[in-house]
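Notes for the one structure printed next.
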Amino acid sequence: MAEQSVRWGILATGGIAAAFTADLVDLPEAEVVAVASRSQDSADAFAERFGIPRAYGDWNAFADDGDIDVVYVATPHSAHRAAAGLCLEAGHNVLCEKAFTLNARQAGELVALAKARGSFLMEAMWMYCNPLIRRLKALVDDGAIGEVRHVQADFGLAGPFPPAHRLRDPAQGGGALLDLGVYPVSFAQLLLGEPSDVAARATLSAEGVDLQTGALLSWDNGALASLHCSIVGGTATAASVTGSQGRIDVPYGFFFPDRFVLHRDGRDPEEFTADPADGPRNSLRHEAAEVMRALRAGETESPLVPLDGTLAVMRTLDAVRDRIGVRYPGEAPEEDRAPALTPA
Ligand SMILES: NC(=O)c1ccc[n+]([C@@H]2O[C@H](COP(=O)([O-])OP(=O)(O)OC[C@H]3O[C@@H](n4cnc5c(N)ncnc54)[C@H](OP(=O)(O)O)[C@@H]3O)[C@@H](O)[C@H]2O)c1
């Protein structure tokens with residue numbers, strides 16, 4: 001694998017599968033060799049659109065394809081456990097979209113499967129691979145703003161999303177939290193780790209998914225994170241990190257920033273901007289490059305998106321759902337899920 005291109009298989013043919021594949025086909029070190037769909041027609045159309053040689057209308061046949069180096073799972077979250085699990089069982093390496101699974105229990109099962117097989121597994125948390133986010137984290141870790149006291153972040157879309165849309169459908173893991181709230185939570189946990197306590201309130205839809213959720217995360221050292229997500233209102237989608245000696249403000253699109261401003265107490269603000277050589281701000285190429293780097297290095301997880309971090313985020317999402325009373329069809333009762341953080 002060190003010299004030849006990395007052969008990708010794409011599982012599902014929806015919106016993000018197309019966006020990711022479009023970025024992959026531009027990378028000289030990547031080759032998209034197969035696509036799978038629940039329908040042969042969709043697989044064929046996707047294969048024709050991107051010039052992919054093998055198209056499967058059957059997940060099992062795709063999983064049996066031995067000439068794939070890594071599978072990208074791009075189904076709705078409700079199917080991540082089944083899709084990624086099938087591919088891991090078949091011996092494949094897997095990059096799985098966010099939210100990684102419906103709950104922490106499913107996430108733990110995938111991680112255990114990957115470890116048992118010695119396969120690579122990573123959540124497609126592209127924010128963690130973004131060069132400016134990595135710069136921001138390095139600054140915070142180096143103490144540029146002192147000790148982190150508070151993180152604020154939000155991500156809301158105005159929609160409107162019709163009831164049949166996957167974001168409104170409990171059976172597809174719908175709601176704002178798993179689709180959008182995963183970014184504010186992942187941002188806060190990138191800087192502060194797993195919280196010790198979670199409080200949350202939400203507005204629920206008639207179908208029982210969260211239309212908007214506000215969460216307050218807290219840490220034993222006194223740090224707090226105020227987070228919001230919504231599928232019924234377009235928010236600033238910005239973030240701010242306040243420390244004991246300054247603040248970092250990330251404007252619109254905080255999870256794929258093109259700039260941020262560092263305010264150190266007593267100094268002029270410093271602006272950090274994206275390197276034009278890094279490509280369009282919404283490019284998924286950094287995430288793809290990290291997967292291929294890790295595979296070539298023989299690593300089974302990425303240090304940028306560690307599996308422990310993914311599991312910790314899933315535990316927080318479970319705790320938030322516990323507080324707001326959202327449970328998905330077929331989910332185990334509360335007591336069977338991963339241990340919740342201390343109830344608010
Ligand atoms: N990284 C990002 O920036 C980003 C952006 C958007 C979404 N996402 C994540 O990516 C995932 C997919 O989102 P999307 O916007 O691409 O959704 P989408 O457009 O609805 O596509 C999902 C695809 O999954 C397959 N699918 C649909 N229902 C399914 C089911 N019940 N069981 C199994 N497969 C099913 C379908 O493909 P086939 O018909 O081919 O089977 C469908 O086209 C979600 O987990 C979402 O959170 C990530």
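The values are calculated or read from the model by the stated rules, or taken from the named source; none is laboratory data. Computed from a predicted structure; not experimentally measured. For neighbour counting, all protein chains shown are included, and Cβ atoms are generated from backbone atoms with ideal geometry for every residue, glycine included. Note: accessible area is taken over every heavy atom of the protein model, side chains too, but ligands, DNA and RNA are not part of it. Shrake-Rupley method; radii C 1.70, N 1.55, O 1.52, S 1.80 Å.
Quick notes on this structure:
- Some residue of the range 242-250 being farther than 30 Å from VAL70 by Cα and charged (D, E, K, R): yes
- The set of residues in the range 176-189 that are within 16 Å of the ligand (Cβ to nearest atom) and under 13 Å from the mean Cα position of the chain (by Cα) comprises LEU177, LEU178, ASP179, LEU180, GLY181, VAL182, TYR183, PRO184, VAL185, SER186, PHE187.
- Output for the range 194-230, where each listed residue is open to solvent by 20 Å² or more (accessible area, probe 1.4 Å), within 19 Å of ASP318 (Cβ to Cβ) and of a type outside the set (A, V, I, L, M, F, W, C): GLU194, SER196, ASP197, ARG201, GLY208, GLN212, GLY214, SER218, HIS228
- Of the residues GLY159, GLY143, GLY173, the single one that is within 12 Å of the ligand (Cβ to nearest atom) and at positive phi is GLY173.
- Per-region count, the range 235-255, residues aromatic (Phe, Trp, Tyr) and touching a Pro at 6+ places or on another chain (Cβ under 9 Å): 2
- Residues located in the range 126-139, provided they are under 18 Å from VAL305 (Cβ atoms) and open to solvent by 10 Å² or more (accessible area, probe 1.4 Å): TRP126, TYR128, ASN130, PRO131, LEU132, ARG134, ARG135, LYS137, ALA138
- The conditions of being surrounded by fewer than 17 Cβ atoms within 10 Å (Cβ to Cβ) and over 28 Å from PHE161 (Cβ atoms) are not met by ASP249.
- Among the residues making up the range 99-125, a single one is free of Cβ contacts under 8 Å to residues at least 40 places away in the same chain and open to solvent by less than 10 Å² (accessible area, probe 1.4 Å): LEU110.
- Residue pairs meeting the criteria (Cβ under 6 Å; at least 6 apart or on separate chains; first in contact (Cβ under 8 Å) with a residue 60 or more places away in the chain and away from the ligand (no atom under 11 Å from the Cβ), in the range 69-98; second assigned to a helix (DSSP H, G or I) and not β-branched (Val, Ile, Thr)): VAL71/CYS87; CYS87/ALA63
- Test: ASP44 is more than 9 Å from the ligand (Cβ to nearest atom), outside any strand (DSSP E or B) and within 12 Å of ALA288 (Cα to Cα): no
A quick yes/no check of all residues on (1) open to solvent by 30 Å² or more (accessible area, probe 1.4 Å); (2) touching a residue at least 24 places away in the same chain (Cβ under 8 Å); (3) part of a loop (DSSP other than H, G, I, E, B); (4) of a type in the set (Gly, Ala, Ser):
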position	(1), (2), (3), (4)
ALA289	yes, yes, no, yes
GLU299	yes, yes, yes, no
PRO303	yes, no, yes, no
ALA312	no, yes, no, yes
LEU317	no, yes, no, no
ARG323	yes, yes, no, no
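- So GLY234, is it open to solvent by 40 Å² or more (accessible area, probe 1.4 Å) and in a loop (DSSP other than H, G, I, E, B): yes
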